[in-house]
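What follows is a set of notes on a single structure, which appears directly below.
No value in this document is a laboratory result; all are computed from the given coordinates. In this text, all values refer to a predicted model and were calculated from it rather than measured experimentally. All Cβ positions, glycine included, derive from the backbone under ideal geometry; neighbour counts span all protein chains shown.
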Amino acid sequence: MNNKAIHRCATLLLSLLTAVACTSPPSAHRENGWYGIYDGRKDSIALRPVATVKEFVGLRLYRDHLGRSVIAGRVGGNRLQAWADSTSALSGRRMGFVFNDTVVAAPRIYMGLESGQFLISGPDGYDMSRLYKSMLKEKKDSLDALFSANGWLIDTLRFSRLTPGEQDSLANMLDYSDACRLVEGF
């Protein structure tokens, strides 16, 4: 090999090594929900959620006193103690609401939140109405999948007579853990 060929091979090898070294590994996929955020780490979002969308109850979309759309909700009773413990442990830090692997909101936590209630307000221009509808759909789909996987069919005589809004309302009030206990109990 001549010097030019060796130089080209060395340049190519150096380029490949630099590309590999500068490429960060992809973050782990996270289920939609609330996560602790730990500054100073390469991937600052905790791997395990504090609570996921399917564990939320009482979701509602409203406008705050400044006219911004806000989603309010609370974690279901089965996650309430974990929520209180996690928010206490995160006091002085941030907790992020992650949706489709994007942090939508990351409020600083100042004390344990024992009520399980939360608010999600996205950045300016963020489509909170779309997020709200997506959250309701995810919650309803997770319940449908749970019931279907356990041989439960939708009660077409009653459930199908409800409006889509009434169906969403029923799904919105049912905690996933409670639904699991319903399925196990029958």
Apply 1/(1 + (r/R0)^6) to the Cβ-Cβ distance of Arg93 and His29, taking R0 = 30 Å, and write down the FRET efficiency to the nearest 0.05.
-> 0.85
Three-way shape call for region 63-186 based on the alpha-carbon gyration tensor, with the a/c threshold at 1.5 = oblate
What percent does the relative contact order of region 78-186 come to when contacts are Cα pairs within less than 8 Å and at least six residues apart?
-> 21
